[in-house]
Amino acid sequence: MRASLFEFIKKRIFYGWVVLAVATAAMFASGPGQSHTFSIFVDLIAKDLGISSTSLASSYAFATLVAALGLSRMGSFVDKFGARRVMIVVIVLLGFACMAFGAAAGVLTLSLGFMSLRFLAQGSIMLCSTNLVAQWFSARRGVAMSILMLGFAASMALHPLLGQWLIDLVGWRKAWVGLGLMSWIMMLPLLWLFAHDKPEPLGLLPDGAAAGTGEDQLKAELTGPSLKGAIKIPAFWIIMLGLFTPSMMITSLFFFQVSIFEQHGLTRALAASIFGVSALSMAVMMPVIGWILDRSNPKYVFAGSLVLLGMSLVNITFVNDVMTATLYAIIFGVNTAANMTFFGYMWPQYFGRKHLGSIQGAGQTIGVIGASLGPLPLAISFDYFGTYDGALLFLAIVPVGCAVLALFLPLPNPSAFEVKET
């Protein structure tokens with residue numbers, strides 16, 4: 001059946017669009033391991049288990065940090081077995097992890113739950129999804145990655161509302177059972193029937209290009225350094241830092257948005273609904289950002305997104321009513337759109353597709369480490385000073401410094417880096 005579906009579809013459209021649709025659905029399905037979903041649950045979990053904000057954030061940080069250590073190996077598995085097979089296993093495990101998280105009885109089991117969800121969803125699913133799209137698109141990679149991240153935007157809009165609805169219906173523990181079942185029902189049939197790892201073994205080329213079209217670019221992308229070679233290149237570390245910092249800061253803002261808004265006098269329901277405004281802003285801006293990336297030097301867009309992140313950190317400290325909350329959500333949505341697009345765009349653009357899984361895995365490891373550390377400064381600030389605002393203003397300096405470094409990136413050319421192997 002799978003082969004028949006492929007033959008039927010490829011005669012009508014470029015099959016990469018089908019792979020992109022599956023990967024976009026997978027990005028949505030990563031929601032149970034994303035900070036915007038946890039944001040709805042953190043206060044309830046802390047109250048139920050009788051732990052402080054710092055203890056909860058520390059549990060989250062430690063678990064996420066440990067989970068990050070396995071992502072380099074996951075990248076190697078993707079190179080060896082293909083993103084489709086790896087993602088099927090990940091989705092099966094994610095369903096069980098969601099159910100187990102709902103049974104958390106203390107800090108230890110809570111940490112294990114955080115670890116599993118972050119590794120499988122926020123780490124592995126995002127890694128596999130971006131790998132699939134990077135393999136199927138080259139000249140139109142910016143637009144394709146921006147479409148892919150619409151799945152994340154949809155998750156940001158719907159998972160907090162879905163989580164709140166399930167909490168009201170069955171309580172926070174059984175809500176996680178529902179989230180796990182939904183992951184299986186949504187993704188396993190799509191991955192089994194429609195996902196394919198690369199176009200070349202199927203007689204196709206990235207972007208649906210005809211033989212000989214863009215041949216030099218496609219050959220360059222099939223080369224590129226291994227992870228061992230890439231880490232010797234300054235561009236690798238500039239990109240790494242430029243993705244680590246947003247991962248850290250954006251996770252913090254997602255994780256504590258409900259609490260920050262409540263401290264500023266807004267209701268919990270409004271704080272949850274504001275995620276939808278950010279998601280809409282992301283959805284509108286992602287195609288624009290992708291279009292710009294395909295037609296310009298990416299370092300300027302990269303630097304601009306980091307400056308915008310600094311603005312988001314400052315802007316949330318001024319939120320005190322619906323208007324200021326909406327303004328913050330719009331700016332934050334644009335910033336998140338840029339960062340999420342860069343997550344899948346930068347690695348293949350600079351280092352090619354030959355060892356993409358391993359390089360993405362290392363990048364994802366550092367990004368998840370950033371996400372693990374992000375909530376800690378805000379939690380400590382709240383527990384010791386009773387406010388998040390001072391820490392937010394101080395942290396705003398960091399992405400601006402990263403933006404300056406991003407301006408030193410060279411033009412992308414994966415084949416030029418192969419000489420760094422030895």
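The values are calculated or read from the model by the stated rules, or taken from the named source; none is laboratory data. None of the values given here were measured: they were computed from a predicted structure. Neighbour counts are summed over all protein chains in view; Cβ atoms, including those assigned to glycine, are modelled from backbone coordinates with ideal geometry.
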Could you please let me know if LEU169 is surrounded by fewer than 17 Cβ atoms within 10 Å (Cβ to Cβ), over 29 Å from VAL42 (Cβ atoms) and among the aliphatic types (A, V, I, L, M)? no
Given (1) surrounded by fewer than 22 Cβ atoms within 10 Å (Cβ to Cβ); (2) assigned to a loop (DSSP other than H, G, I, E, B); (3) not polar (S, T, N, Q), number of the condition PRO287 does not satisfy: (2)
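Residues are listed down the side, and each one gets a yes or a no for (1) of a type outside the set (D, E, K, R); (2) under 22 Å from ALA338 (Cα atoms); (3) part of a helix (DSSP H, G or I):
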| position | (1), (2), (3) |
| --- | --- |
| VAL258 | yes, no, yes |
| ALA283 | yes, yes, yes |
| SER296 | yes, yes, no |
| LEU313 | yes, yes, yes |
Matching residues in the stretch 65-83 (surrounded by fewer than 20 Cβ atoms within 10 Å (Cβ to Cβ) and modelled with pLDDT of 90 or more) number 1
Among the helices (runs of 4 or more DSSP H) confined wholly to the stretch 17-119, which include 3 or more residues that are over 27 Å from SER252 (Cβ atoms) and in contact (Cβ under 8 Å) with a residue 24 or more places away in the chain? 71-81, 83-101
Take ALA272 and decide whether it is touching a helix residue (DSSP H, G or I) at 6+ places or on another chain (Cβ under 8 Å), farther than 30 Å from ALA57 by Cα and not polar (S, T, N, Q). no
Among the residues of the stretch 276-303, which ones are over 22 Å from GLY31 (Cβ atoms), of a type in the set (Val, Ile, Thr) and within 19 Å of the chain's Cα centre (by Cα)? VAL288, VAL301
All but one of (1) under 22 Å from LEU117 (Cα atoms); (2) at pLDDT below 80 hold for ARG353, so report the exception by its number. (1)
Considering only residues that are among the aliphatic types (A, V, I, L, M), crowded, with 24+ Cβ neighbours inside 10 Å and out of contact with any Phe, Trp or Tyr (no Cβ under 9 Å at 6 or more places or on another chain), which ones fall in the stretch 127-150? LEU127, LEU132, VAL133, LEU148
Out of the residues in the stretch 309-347 that are among the polar types (S, T, N, Q) and more than 23 Å from ARG140 (Cβ to Cβ), state the one that is farthest from the chain's Cα centre (by Cα). ASN320
Taking the stretch 20-34 and the residues there that are small (Gly, Ala, Ser) and crowded, with 24+ Cβ neighbours inside 10 Å, the one that is farthest from PRO206 (Cα to Cα) would be GLY33
Per the list (1) within 19 Å of LEU179 (Cβ to Cβ); (2) small (Gly, Ala, Ser); (3) more than 17 Å from the chain's Cα centre (by Cα), residue check on ALA25 breaks on (3)
So which pairs qualify, if the first residue must be in the stretch 298-309 and closer than 15 Å to ILE238 by Cβ, the second must be of a type in the set (Phe, Trp, Tyr) and in a helix (DSSP H, G or I), the Cβ gap must be under 9 Å, and the two must be at least 6 apart or on different chains? PRO298/PHE342; PRO298/TYR345; PRO298/TYR350; VAL301/PHE342; PHE302/PHE342; SER305/PHE342
